[in-house]
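Let me begin by presenting the structure, written as structure tokens, before commenting on it.
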Amino acid sequence: MSYFASFVAYVKAKDWKQAYDQINGYNMAGMLSALREIGPLALRDMRAQMAIYDVWGGPNMERIRFAMDVVATLKVPAPPSWLPPDQVQDARDFLKRNAGSKPAGAAQKTIHLTLYWTRAALGETISSRLIQRAREILRDNLPTHELSVLPKRYEIAFDGEVLGQPDVENAIGMAEALVPQSANRLSVFFCRTTAAECSPGQTCASAPHGTTPQIRGRPYIFINVANPKSDSGTLLHEIGHAAGVQVRDSDENLKDLDDIMSYGANRSKIGFNMTNKLNAKGLFFVTAS
């Protein structure tokens, strides 16, 4: 049995908290070997969860990120200033042992996200699964695209629920002041709202799972942690809206309730229209890899 069997088992089970806690306890040589053992796809999945578990008192994410970069690129990146020289040497030794290997294969296009949490959403338990499910559906339907989640947790000083456009604009202003590089990434806010979603002249619906308002011509995703949808497809659904897909604008008015842009109960497909939108030129948050 591999020394890293428990870590590999956590990764296969997508138990990311345990996976991060486990690998955090390895020395650098062990960390590099363990990350190589899980393979490039699982490595990308694990990295996409990094922002979720980058919390005070949690794993040393800078050290783990350094190891992930070594394994994914087969290069030694600039190390954190505090990282001991012997651990940097471990990375060089790892590369010597794996000379001739190829870097982990990359998708042709990357969807760039930055994640934010309002104070009312701290402690939520759905974000990890939403990211993972988005990656799974992309892999099964559109393997040319992958998610790149900025690997840091950003908490904004927004109290209470996000109930309307003034709240939305306030949250966005806080986020853009906090993360200057957000200009080239799609911002995703985990927030809380218990207000019903209403349209003029219509009966109020239940509190929304998510919404993607356009502010100054730019989309922003807001995920309501108080009302998760059971199929965990909300994040990818809202990415579709950010790309320009309307709810009833895809694949014969979405008669197929498995389409991610439908309101079906178990969505698992990406339709033709969303594929075209994500392949179109000009989306600020989608780049060639």
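Quick look at the values:
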{"read-out": "Amide proton proximity set for MET261, modelled H, under 5 Å, gap of 5+", "value": "GLY271"}
{"read-out": "Folded to 0 to 90 degrees: helix 165-178 orientation relative to the chain principal axis, Cα", "value": "20"}
{"read-out": "Long-range amide H partners of SER148 with built H, under 5 Å", "value": "ILE111, HIS112, LEU113"}
{"read-out": "Structure-based [θ]222 nm, the chain - -39500 (n - 2.57) summed over DSSP H runs of at least 4, per residue, nearest 500", "value": "-12500 deg cm²/dmol"}
{"read-out": "Pairwise centroid distance, computed over Cα atoms, of the stretch 103-155 with the stretch 59-95, Å", "value": "23"}
{"read-out": "Hz values of 3J(HN,Hα) by residue in the stretch 45-50 - Karplus curve (6.51, -1.76, 1.60), Gly and Pro given as x", "value": "4, 5, 5, 4, 8, 4"}
{"read-out": "Residues TRP82 and TYR3, FRET efficiency given R0 of 30 Å [Cβ-Cβ distance, rounded to 0.05]", "value": "0.65"}
{"read-out": "Proximal charge balance of GLU176 [Cβ under 14 Å; K/R count +1, D/E count -1]", "value": "+2"}
{"read-out": "Angle between the chain longest axis and helix 61-73 axis [Cα atoms, degrees, rounded to 10]", "value": "80"}
{"read-out": "Accessible area per residue in Å² at 1.4 Å probe, computed on the stretch 91-188", "value": "46"}
{"read-out": "Angle in degrees between helix 127-141 and the longest Cα principal axis of the chain, rounded to the nearest 10", "value": "90"}
{"read-out": "Computed over the chain, the ratio Rg/Rh where both radii use C-alpha atoms and Rh is Kirkwood", "value": "0.98"}
{"read-out": "Of all DSSP beta bridges in the chain, antiparallel share, percent nearest 5", "value": "30"}
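The values are calculated or read from the model by the stated rules, or taken from the named source; none is laboratory data. Remember, it's a predicted structure, so these values are computed and weren't measured experimentally. As a convention, Cβ positions derive from the backbone with ideal geometry for all residues, glycine included, and neighbour counts pool all protein chains shown. SASA here: full protein model, heavy atoms, side chains in, ligands and nucleic acids out. Shrake-Rupley method; radii C 1.70, N 1.55, O 1.52, S 1.80 Å.
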